[in-house]
Amino acid sequence: MANGVENVSRFKMTETQFRRATILGLIAIVLVWFAYPLVQGLVFSDSKPRLVAARGDLAGFEITATKVFEADAPSVVYIFTERRERTFFGGETRQQGAGSGFIWDQAGHIITNEHVIAGADRVFVRFDTGEAAPAKYVGGSVDHDLAVLRVSKAPVKLKPIPIGSSSDLKIGQAVFAIGNPFGLSRTLTSGIVSALDRRLPTHSGREITGVIQTDAAINPGNSGGPLIDSAGRLIGVNSAIISGTGSYSGIGFAIPVDTVSRIVPQIIRNGRPARPGIGIQVGSDELAARLNVHGVVVIAVQPNGPAAKAGLKGIDRVARELGDIIVAVNDERVRTTSEYTNALEAVGVGKQATLTILRNGKERKVAVTLADVG
């Protein structure tokens, strides 16, 4: 019996020890599980800092882009406006707007789009340094979507943007746009000239001709900013985009700098550009279509105007007879009122134009000296 009791006691001691060993084993496993990543990091990690790889030279296009931005960014400004509006309950609220522009000359003239500042009560210009100043509206042209502002006391030294040419542009050449899209200042985008000689409708019903199409990203807030060539010269004023969302979609338009260079000095001098005309009232394109006429219908002729002196005739309402139809200016066919006004603008105030008119089914030519009918 004694031997049997002793064997049972030994069995119980072994079972107790097994349980303790099991618990200790589980604890060890848990400790190893959580401690392993730390131990691995200490044992296998390289405590030395990573070396910076050499950059190397910038690519040719990168050098051009950085040089263009560094040279022209100080000439680009951020324009913000305030406009008073009446509320439904008769109170007053202020609406704010924003856009871009650029320095035209040392006299403090700033160029932007007419639609950027249209209806504004107050306009402010913020320069490249971050300093701002109030600006006065000098004048503008809805027909060309151009406006001129002036800062009388600039807080910084003014750097006018270099002026280029748009007559010799080539499709495919590189262009850059600098502006303030969505209020984000000092933004550079790049692209190419996608197309030339586009037509851009304006709020006045006329069209801007020779418009530059580009795929450089142009978004709301870019309006009025410069489109620049790879030499850092102004070649256009960013004006519009085609997009279903109102944001960049690959097609943007810029008013050609040759138009800007012609119109801006007139605005600075007179508050508006000269508007060449001959003193007639013309019918709408819809009227011409209803009459099955391929030209510009003369509705009425102003007394003592250039057209009256040249013998042009308008509609005879009493006799219910159609008057003259202008079908060409200097032998260039005109089919719409926009084509007609653009043809006269190409001639200019004080210069003579030869009009081809259709009267009673017969063509005849008359010489007319253009006047400013602004």
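The values are calculated or read from the model by the stated rules, or taken from the named source; none is laboratory data. Everything numeric in this text was worked out from a predicted model, so none of it was measured. Positions of Cβ are generated from backbone atoms using ideal geometry, with glycine treated the same way; all protein chains shown enter the neighbour counts.
Considering only residues that are part of a loop (DSSP other than H, G, I, E, B) and among the hydroxyl-bearing types (Ser, Thr, Tyr), look in the stretch 161-188 and name the one that is modelled with the lowest pLDDT.
Ser185
Ala217 fails exactly one of the following numbered conditions: (1) touching a Pro at 6+ places or on another chain (Cβ under 8 Å); (2) in a strand (DSSP E or B). What is the number of that condition?
Exception for Ala217: condition (2).
Taking the stated definitions as given, is Ala240 touching a strand residue (DSSP E or B) at 6+ places or on another chain (Cβ under 6 Å), under 17 Å from His144 (Cα atoms), in a loop (DSSP other than H, G, I, E, B) and at pLDDT below 90?
No: the conditions fail for Ala240.
Can you list residue pairs whose Cβ atoms sit under 8 Å apart, with the first residue in the stretch 61-75 being free of Cβ contacts under 8 Å to residues at least 60 places away in the same chain and the second being surrounded by fewer than 16 Cβ atoms within 10 Å (Cβ to Cβ)? Count only pairs 6 or more apart in sequence or on different chains.
Final answer for the pair search is Thr66/Leu58.
Going by the structure shown, is Lys313 within 17 Å of Ala353 (Cβ to Cβ), among the basic types (Lys, Arg) and surrounded by 13 or more Cβ atoms within 10 Å (Cβ to Cβ)?
no
Of the residues Gly130, Gly183, Gly139, only one is within 30 Å of Glu92 (Cα to Cα) and touching a Lys or Arg at 6+ places or on another chain (Cβ under 7 Å); which?
From the options Gly130, Gly183, Gly139, the qualifying one is Gly139.
Can you pull out the residues in the stretch 324-343 that are closer than 17 Å to Asn292 by Cβ and not polar (S, T, N, Q)?
Listed by number, the residues that qualify are Asp324, Ile325, Ile326, Val327, Arg333, Val334, Arg335.
Considering only residues that are crowded, with 19+ Cβ neighbours inside 10 Å and among the small types (Gly, Ala, Ser), look in the stretch 276-309 and name the one that is farthest from the chain's Cα centre (by Cα).
Top of the filtered list is Ala307.
For the stretch 105-140, give me each residue that is among the small types (Gly, Ala, Ser), surrounded by fewer than 18 Cβ atoms within 10 Å (Cβ to Cβ) and within 18 Å of Asn270 (Cα to Cα).
Within the stretch 105-140, Ala107 is the sole residue that qualifies.
Just to be sure, is Leu158 farther than 18 Å from Gly236 by Cβ, surrounded by 22 or more Cβ atoms within 10 Å (Cβ to Cβ), modelled with pLDDT of 90 or more and of a type outside the set (Phe, Trp, Tyr)?
no
Scan the stretch 80-89 and give yes if some residue there is part of a strand (DSSP E or B) and in contact with a helix residue (DSSP H, G or I) (Cβ under 8 Å, 6 or more places away or on another chain), otherwise no.
Yes, the conditions are met somewhere in the stretch 80-89.
Please work out which one of (1) over 30 Å from Asp285 (Cβ atoms); (2) surrounded by 14 or more Cβ atoms within 10 Å (Cβ to Cβ); (3) at pLDDT below 85 is the condition Ser247 fails and give its number.
It fails just one condition, (2).
So which strands (runs of 3 or more DSSP E) are wholly in the stretch 102-151 and hold at least 3 residues that are β-branched (Val, Ile, Thr) and under 18 Å from the mean Cα position of the chain (by Cα)?
Once the strands (runs of 3 or more DSSP E) in the stretch 102-151 are filtered for at least 3 residues that are β-branched (Val, Ile, Thr) and under 18 Å from the mean Cα position of the chain (by Cα), what remains is 109-112.
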